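Notes to accompany the following structure.
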Amino acid sequence: MKEYLLGNAAIAKGIKDAGSGLVSGYPGTPSSEIIETLVGLGGIKHIEWSVNEKVALEVAIGASWAGTRSTATMKHVGLNVAADPFMTLAYLGVGGGLVLISADDPFCHSSQNEQDTRRYAQFAQVPLLDPADPQEAKDMVMYGFDLSEKFNVPVILRPTTRVSHARSDVNVDPTSSTSEGQASFGRNPARRVSLPVHVRPLHRELLEKQAAMEEVLASTPWNRLDLKGDHGVIASGLSALYAEEAILSLGLDLSFLKIGTFPAPSKMIAAMLRHVKKILVVEEMEPVLQEQVEMIARKVNPGVEVLGKGDYISRVGELDLLPVKEAIARMEGISPETRPTLDAEKILPPRPPSLCPGCSHRATYYAMHKAFGKNAVYPSDIGCYTMAVNMGTVDTCLCMGASITIASGIRLGGVEEPICCSLGDSTFIHSGLTGLLNAAYNNARITVTVLDNSTTAMTGHQPHPGTGLTATGEASVPVSLEDIAKALGAGFVEVVNPYDIKATIDVFKKAKEYQGLSVVISRQLCVIKALKAGVRRKPLSVNENCTGCKLCVEFGCPAIEFEGDKAKINNLCIGCGVCASICKNNALDVVK
Amino acid sequence: MRETQSVVLAGVGGQGILLASEILAKAAMAAGYDVKTNEVHGMAQRGGSVVAQVRFGAEVHSPLVARGTARVLGSLEQVEALRFWEYLAQNGLAVVNAQAVVPVTVSSGSAKYPEDVEARLRRAFSRLVYMNAAEEALKLGDIRAANTVLLGAISKGLDLPIDAWQEAIASSVKAKLVDLNIRAFELGMKFH
C-alpha cells in the first residue's frame, strides 16, 4: 500500500515497523517531525524529547544496552553535542540495534552551518546510510537496526533537508517484523566500561570490522552500478537522483554508479574506475565520496580523470538538477543552455522570515535596549529571537547556549560596558545551565535574559521540562526556571511580563545596576501557541492623535504599516498592546 | 503524457501553500502518477517567502524543480510570482493572485513595494492568469479557500482529470469544507 508521506513521517514508520522500543531526540530542523509523527502513530514503548542531544543519545544507548532497539534523532549540529558518547559508543557497541538519525541541512535553510554528517561516520568508523528519497529513508532505517545488531555498532541514517521535507508516495507495507523481548541489562564490564584496558582491544575490533561492513553494505539495493560508455558519473544519496535525471535528459551513454551507503563500496568503485577514462563525482557538501574515489583510482587506474569538487560541483550550498546537469554537460563538452534573466528581480522587496505579529521577543528586546542602551553588548543564541538581529540586541549567535558563556568571556576578557545576553527557555535548558553556573562560579557580572515563551517555538512547539508536559503529552514535573537560576548561583532573579513594557524596562534597569550575576526571565506564551489555545485579545487601531513619528513603525511589528503620513494597524494585529505603550502621543487604542 | 510535469507554488508563510501542494500531489497520485514534492519548514516559514515544489510523472527522480522547467507557476502573492519567475518554462502558465502582502522590510521603510506589479507580471509572463482568488473565495463565504481557487486556475495548465482533483480535495480538507472547496476549485477553473 502506498501513502503520501513526508520524508520524516516515512522514517517514523520505518522506526516503528523495525520494533524500536525507545526513541529519544532534541528538536532541530529538519529532523523534528520524526518524533512528532511517532507520537501520533503510537505503539512505541517510550518516546521522549530529551533536554539535549547528548542526553538523547545516552538514553538511547541505555535502552540498547538493555537489549531494546533504540533510536536517537537530531539535526546535524546536534551530533556535535552528542559527539562525546557517540565516539566511544562505536568502540563499546550496542545491545539492541541503535540507529542515530542526524539530519543534514545543505544551504543552511534553518541552521548555523552546513557540516556533513558523513565526516562523523568516517571519524567514528561506523556505517552511514544516505537516503535519496522518503522511500529509501524508510527502508534504510529499518535495515539500520539489523545492521547495527549484526556488526555490534551504532548506525547513522543521514537524511538531508530535501529528503526529510520531501513528500512522496511511499510503500508502507512492513517489509520485516521483529518480536520485542523483555529488556534486561546483562553485566559485561569489558564491553560496557570504557577503561583503557577495555577500549584498546575494542578499538582494534572496530577497525577489523570495517572490511566486512563495507562488503555487506555493498550488496544492499542502494548501491547500483551500470557500466556503459567510457565516461561515468558516481553520485551519492539525493545527488544520485539529480545525476540520473540529468543523464536521461541529456540523452548520454554514461556509466553510472549510485552510492547509498558509507563506507562506500570500494569494489564497485574500482570496477567503475577500470571501465572509464573520465569520471564526475556528484555529492552535496564535503568531498567524502570523491576522496575515496581518488584513493581507489590511484591503485586501480591512475590515468583516470576524476572531476568533482572545486571545479565542477560546489562544496557550498545544496545541489539541484540544473547545476548537476551543467556539470555533466561540461564534462561531455556540451555547451550550456543560456537562460534569460528578469530585471524585475532588482525591485523585489526582500521578504525575510521575521518575528510574528505580537511576538513577545520583540517587546523584550525593545525594553532591554531601552534599559541597557546602545553601548551595551548583547550576546544572543539560537531560536526564533535570532531573527531580531536588526533590533540591535543580537550581537552574537554561535551555538546552543553560547550566549551566556560568550557574555562571560566578553566580561572576563576585560570589557566594562553593560552586557546583557539572551536565550530562549528551551535553549536555556538544552545547554545554558552549565554556562550560568560557570558565570556564577567565576564571578562574571552579566545579565542573562531567558526569553521564556514556554515552548520550543522555532522547530514547531515541542514541550520541554519547563512546560510540565512530555513528548507524548503526559503530565510531568514543571521545572521552575527561576528556581534553577537561583540554585545555579544568580544573585538577582526576576520574572517579567514583556507585554508590560514599562515594568520590563524597570526590571532590566535594576538588573543592569546589580553588581553580580543577574537573571531576567521574560515570560509570555508564544503567540502561535496562544492563538491555538484560543487566547483572543482585541486588536488595536490608530486614532487621530497620530503625528506620523514612526516610533511604532520602527518597532518592526508586521501588524504596523505606514500609510500616507500616519501609522496603520493591519489585520495581523493580535492585540498584545505593546505598540500603545511605546507611542508617545496616545495614538493607539484597543478596538472597542 | 507520462513526461514529468513540474509545478512551483509560491506565497507567504501562512497563506496555505503547503495545503495547496498537498492537494495537487494527491490529485497526481489519484491519477496514477509517481509524485515528489518539497517544501520549507522551520525558520524560513515565519512570515518569509514560501515555496512548494511538486513534480509528477511515470518516474520522478529529482524532488526539486530545475529553473526554467516548471509547466505552471502559481502564486498566492503577486510579487512572489516575480521572485520565483525563473522556475517557469518559457511557455509555462503563471497563475497569480492579485493580492499584496506587505513584507516587514516595506512596513519598516527599508524597502519599497513595487507599484506597477500587474504591468511587470504581464511583461514577465507570456501566459498569465491574473485573478483575485481571495475575492472569489469570499463569494463562497470563506476567504481561506483562496488557495483552492488558485488550484482550479492552475489545473488548466496540467493534465489531471477532474475526479482526481475532487478526490484529492476530499482527502485533504475537513469534511464540512469539502463542498465549499470543490466549488472554489470550479470557480478557479473558469479563469484562463
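The values are calculated or read from the model by the stated rules, or taken from the named source; none is laboratory data. Bear in mind that the values here come from a model prediction, so they are computed numbers and not experimental data. Virtual Cβ from ideal backbone geometry, glycine too; neighbours counted across all protein chains shown.
Annotations for the structure displayed:
- Looking only at the range A:456-488, and only at residues there that are among the small types (Gly, Ala, Ser), surrounded by 17 or more Cβ atoms within 10 Å (Cβ to Cβ) and out of contact with any Ser or Thr (no Cβ under 7 Å at 6 or more places or on another chain), the one that is nearest to residue A:353 (Cα to Cα): A:457
- Any pair with Cβ under 9 angstrom, 6 or more apart, that starts in the range A:578-590 at a residue that is not assigned by TED's automatic domain parsing to the domain that holds residue A:368 and ends at one that is of a type in the set (Lys, Arg) and buried (at least 22 other Cβ atoms within 10 Å of the Cβ): A:578/A:362
- Residues of the range A:109-140 that turn out to be within 19 Å of the chain's Cα centre (by Cα) and either in a helix (DSSP H, G or I) or among the aromatic types (Phe, Trp, Tyr) (or both), as a count: 7
- Restricting the range A:155-173 to residues that are within 9 Å of chain B (Cβ to nearest Cβ) and touching a Pro at 6+ places or on another chain (Cβ under 8 Å), the residue that is farthest from residue B:30 (Cα to Cα) is A:161.
- Single residue of the range A:256-309 satisfying the filter (within 35 Å of the chain's Cα centre (by Cα) and without any contact (Cβ under 8 Å) to a residue 12 or more places away in the chain) that is surrounded by the most Cβ atoms within 10 Å (Cβ to Cβ): A:291
- Matching residues, the range A:537-569, being closer than 22 Å to residue A:451 by Cα and assigned to a loop (DSSP other than H, G, I, E, B): A:537, A:556, A:557, A:558, A:559
- Selection from the range B:116-162 of residues that are charged (D, E, K, R), without any contact (Cβ under 8 Å) to a residue 60 or more places away in the chain and not in a loop (DSSP other than H, G, I, E, B): B:118, B:120, B:122, B:123, B:127, B:135, B:136, B:139
- Residue among B:126, B:107, B:172 that alone is within 14 Å of another protein chain (Cβ to nearest Cβ), surrounded by fewer than 15 Cβ atoms within 10 Å (Cβ to Cβ) and not acidic (Asp, Glu): B:126
Quick grid of which residues meet (1) surrounded by fewer than 18 Cβ atoms within 10 Å (Cβ to Cβ); (2) of a type outside the set (Lys, Arg); (3) part of a helix (DSSP H, G or I):
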site	(1), (2), (3)
A:356	no, yes, no
A:370	yes, no, yes
A:374	yes, no, no
A:389	yes, yes, yes
A:398	yes, yes, no
A:407	no, yes, yes
A:430	no, yes, yes
A:436	no, yes, yes
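- The single condition from (1) at pLDDT below 95; (2) among the small types (Gly, Ala, Ser); (3) at positive phi that residue A:251 fails is (1).
- Meets criteria (without any contact (Cβ under 8 Å) to a residue 60 or more places away in the chain, buried (at least 24 other Cβ atoms within 10 Å of the Cβ), within 28 Å of residue B:69 (Cα to Cα) and hydrophobic (A, V, I, L, M, F, W, C)) for residue A:233: no
- Counted as qualifying within the range B:1-70 are the strands (runs of 3 or more DSSP E) with 2 or more residues that are among the β-branched types (Val, Ile, Thr) and facing another protein chain (nearest Cβ under 8 Å), namely B:34-38.
- Answer from A:75, A:54, A:45 - the residue that is modelled with pLDDT of 95 or more, of a type in the set (Lys, Arg), crowded, with 24+ Cβ neighbours inside 10 Å and outside the structural domain of residue A:285 (by TED's automatic domain parsing): A:75
- Filtered residues of the range B:71-83 (kept if surrounded by fewer than 23 Cβ atoms within 10 Å (Cβ to Cβ) and more than 10 Å from chain A (Cβ to nearest Cβ)): B:71, B:78
- Residue within the range A:467-489 that is within 14 Å of another protein chain (Cβ to nearest Cβ), within 18 Å of residue A:425 (Cβ to Cβ), of a type in the set (Ser, Thr, Tyr) and part of a loop (DSSP other than H, G, I, E, B) present: no
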